[in-house]
Each structure stands twice: as structure tokens, then as C-alpha cells.
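> Okay, here's the structure, questions in a sec.
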Amino acid sequence: MSMTADAAIIGGGVIGASIAYRLAKAGKKVVLCERYDFAAGATGSCDQCVFLQSKNPGIHLKLALDSSAIFQDLSKELDYTIDYFKHGGMITIENEMEMAVMSDFAEKQKKIGLDVEIISRAEAAKRQRGLAGHLLGCTYSPQDGHVNPFKLTLGFVKAAQKHGALILIDAEVFGFKLESGRIKGIKTSKGDVEAGVTVLAAGAWSPVLAKTLDLALPIKPRRGQIVITEPVAPYVTGNLLSGQYIVAKYHPEILADSKSLAVRLGVGLSLTQTSKGDILIGATREFAGYDLRNTREAIREILKNASRLVPGLEDLHVIRVMAGLRPYTPDGLPLVGFVKDREGLFIAAGHEGDGIALSAITGVIARGLICDGKAYTDVSALDPNRFDA
């Protein structure tokens, strides 16, 4: 079966689904192909955080703030419940080094527009019970929230379908259609799709497909392991991260000589609770290729770290674990835009652990660049060609 479209989208995660919705709503004929099922990759194996405090001051945080603004009314816009709640969030501070890093981080974030402050351990304990006594304090922002990743993805998909998009699952992409050096679509297990624009939004697997075009994308899979507890009565208020996570993410040189296994695995607390009561405890940041297996050593370190910061977690029962591959880029920003020398190819990948939080705005950016030739704001920092020698 052969199909034609204005845009062929590869990837049924939250990024591909968001772009499909925005393009279809703009009147474009869209075909989205997903090799397994919706949210089968990183989208379905992550926490639910729309966490703004974890974003680097600058374009990263600006885009997260803009995305958060869209989330406010997104359920109504999509006519689909996505379970978005803005309960606020905190980042724990354990020592003077973390206090210095987080104080500087928060001040810079304020200048971008985030409502964030340093609060005492006593004040933090009023917002989240069970915190360890050794904490010096926390950062706090009322703007942090969380969303159900599965419902969010399905909301985008169903809204895209209402606007005429053709959504294909179990449709594996084998390669690209080339004509006179231009990419004219994709070849899939359900037939060829001829399209004016091909959008590669396959997360950590994007470089694998790009390689068939002799294109080397600076994206590496980074494994994140998460523990899920039994459903319990409300325990986690909002979202909780650790300062160690921020230090490891943005100042790895500070921890470069650490002998700690937890540090080597990139363990940092990420704590949130679903509407059904399960508590999600994460996470690692590991370079393990495309290995999706959970490891005993990582799960042990995640639980040790979490119970050290929130001792009350020790009384809960773990029911399962999961792992996902986050698409890492060297500068921590995604690749969003057209690829030079590969006419017709648009990349939207490399969000690492920020895919959920940035999904809403990524769809808007892609629609602007594809339909109008420009985004709503300067997104040159996301240029997929920025790493070219």
C-alpha cells in the first residue's frame, strides 16, 4: 500500500504525537508511523514530571515555561483528560556545595521567569513529610507539575486523528525514499509513504535511522531506571528531586573524581506519585548502549539514595521496575529543525529526560518551522546542524 502526505512522522512517542497534532491542526496531511505502539519507548518508561526547576537557565528553561503554559489548558484543547496537575516541586539540598550550586541556579532561573526560592528544611518538611533530618533545605517552585505520559500521548494522537491524521502502529520504518538527493518519504512495513517533509522523532533510535542516510546524529541512548511501589495513600506532595541530580547533570566536573557507585550510575532522586497511588522512584543516567535491562546494582543504589533522603519510603513495597532510553545530546538541548544537505528531513529528537516537559512546545516549534519557515521565538540553539564540524 502506498500513501501520500504533506508530512510523514517517524515515532509514536510524545514528541511525534505532539508534532502530528500540531501539523494536522494546521491543515497538513499527516501520516505517523510507530513500529510498536504509542508511548512504547522512553515516553512510557519515565516518571510523570513537568519539572521546571531542573531546566538550565536560558533557552532550556524558557521553552519549559512556555510548554508549561500550554499544559494549563491542554486537556480542554485536546478534549482528552491528560491528568495534568500543578502541585509544585522541591529539590533537596544536602550540603554546602549543593547549597552554593542551587542558590546560583535558582537566582539565574528567577531572571528567566521561574517562581523559585530556597526554603529551610523545617519549611520543606511542612510541604513533604518524611524528609531526612540532615537536609539543609530545598529549593521550591509552585510552578512544577506532572502529567500522565500515556494519556498525554493518546490525547495528542486522538486530536491529530480528529484533524485527519493517519496513525499507523506496528508500522516499522525500514528506510527513506530518495529522489535526486532529496528525501521524499519513508519505506515501512505497511507500505511506502511519499511526503514533502519527513519528521524523524524516534528518540534514542533516531541516530540508527539517520545512519541509513550517512547522517551521524549526536544523540546517544542514556538508560534511566525507575522503581515503582505499591499504591498507597497520598504521600508525595508534588515532585521531589535531589540537588545531586542537578550537580551531576550540569556540573559533572564537580563529581568527576567520586568513587561512589551511585555517582557513577548517575543516581539522583526523582520522586512523584501517580493518581492511582503508585510512587515512582528514580533514577539513573547511564550510558549502556541500547541495553534496556534493569540491573540489581542500579535498583539497589536508587532505593538506598531515596530512603536516605526520604526515610519513610523504606516501609513501602516495590511491585516492579522499568528502564527507558533517554536520547542524550552533548549540550543537553534537543535537535529540532531541518537538516542541511538532507533536503526534506526534519529532526525532533534528543530531549533526554525532558521529553514530557518539552513535548507541548516542541509540537508548536515544529509546526512553525515546517509550515511558516520560522518558530514563535528564536530556537537557533536547537539547530540540528550545530554540531557539524
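> HN-Hα J couplings of the stretch 266-276 from phi, Karplus 6.51/-1.76/1.60, θ = phi - 60°, integer Hz, Gly and Pro as x?
Once θ is set to phi - 60°, the couplings for the stretch 266-276 become x, 6, x, 5, 9, 10, 7, 10, 6, 5, 7 Hz.
> Send over the Kirkwood Rh of the stretch 194-346, from the inverse of the averaged 1/r over different Cα pairs, rounded to one decimal Å.
On the way: mean 1/r = 0.0576 Å⁻¹.
After inverting the pairwise mean of 1/r, the radius is 17.4 Å.
> For the chain, modelled as a GNM with alpha-carbon contacts under 10 angstrom, which of Glu96, Glu230, Glu107 fluctuates the most?
Top of the fluctuation ranking is Glu96.
> Given +1 on the Cβ of Lys and Arg, -1 on the Cβ of Asp and Glu, and no further charges, what dipole in debye does the stretch 80-152 carry about its Cα centre, rounded to the nearest 20? Let's see the in-between values first.
On the way: 9 positive and 10 negative charges, 61 e Å.
Result for the stretch 80-152 is approximately 300 debye, rounded to the nearest 20.
> Please give the charge dipole size of the stretch 304-344, origin at the Cα centre, charges +1 on K and R Cβ atoms and -1 on D and E Cβ atoms. Round to the nearest 20 debye.
On the way: 6 positive and 5 negative charges, 20 e Å.
Roughly 100 debye for the stretch 304-344.
> Continuing with this model, one more query. Would you mind counting up the charge near Pro231? Only other residues with Cβ under 11 Å from its Cβ, with Lys and Arg at +1 and Asp and Glu at -1.
Overall, the nearby charge balance is -1.
> Could you give the dipole magnitude of the chain about its Cα centre, charging the beta-carbon of Lys and Arg +1 and that of Asp and Glu -1, in debye to the nearest 20?
Values: 45 positive and 43 negative charges, 96 e Å.
In debye, rounded to 20, the chain gives about 460.
> Can I ask one more? Normalised by the residues of the stretch 76-229, what does the relative contact order come to in percent, with Cα pairs under 8 Å and at least six apart?
Details: 187 pairs, mean separation 31.1, N = 154.
With pairs under 8 Å counted, the relative contact order is 20 percent.
> Taking N as the number of residues in the stretch 318-389, what value does Rg over Cα atoms divided by 2.2 N^0.38 Å take?
On the way: Rg = 14.1 Å, N = 72, 2.2 N^0.38 = 11.2 Å.
So the stretch 318-389 has a normalised radius of gyration of 1.27.
> Putting +1 on Lys and Arg Cβ atoms and -1 on Asp and Glu Cβ atoms, find which of Gln225, Cys371, Val116 reaches farthest to the positive end of the dipole of the chain.
Value computed over the given set: Cys371.
> Within the chain, what is the longest stretch that has no trypsin sites (Lys or Arg not before Pro) placed in a DSSP loop and near at most 12 other beta-carbon atoms within 10 Å?
Working: sites that count: Arg129, Lys259, Lys276, Arg293, Lys340, Lys374.
After excluding every exposed loop site, the longest remaining stretch is 130-258.
> Say we join alpha carbon atoms closer than 10 Å with springs in a Gaussian network model of the chain; which of Asn95, Asn148, Asn305 then has the biggest fluctuation?
Taking springs between Cα atoms under 10 Å, the residue moving most is Asn95.
> Taking all pairs of distinct Cα atoms, average 1/r, flip it, and tell me the Kirkwood hydrodynamic radius of the stretch 86-245 in Å to one decimal place. Could the numbers behind the result be given before it?
Working: mean 1/r = 0.0496 Å⁻¹.
The Cα-based Kirkwood calculation yields 20.2 Å.
> Given bins 10 angstrom wide, list per bin the percent of all Cα-Cα distances in the stretch 18-81, short to long.
17, 35, 41, 7
> Considering the chain as a Gaussian network with a 10 Å cut-off on Cα pairs, which listed residue, Gly324, Gly185, Gly27, attains the greatest mean-square fluctuation?
Greatest mean-square fluctuation among the candidates belongs to Gly27.
> Provide the percentage of antiparallel DSSP beta bridges, counting only those with both residues in the chain; round to the nearest 5.
Here the share of antiparallel DSSP bridges comes out near 70 percent.
> Moving on to the next point. State the dimensionless ratio Rg/Rh of the chain (Rg: radius of gyration of Cα atoms; Rh: Kirkwood radius).
Working: Rg = 20.6 Å, Rh = 21.2 Å.
Radius of gyration relative to Kirkwood radius: 0.97.
Since every read-out is calculated from the coordinates, none of them should be taken as a lab result. Predicted model, so just to flag it, every value in this text is computed and none were measured. Cβ coordinates were reconstructed from backbone atoms using ideal geometry, including for glycine residues, and neighbour counts include every protein chain displayed.
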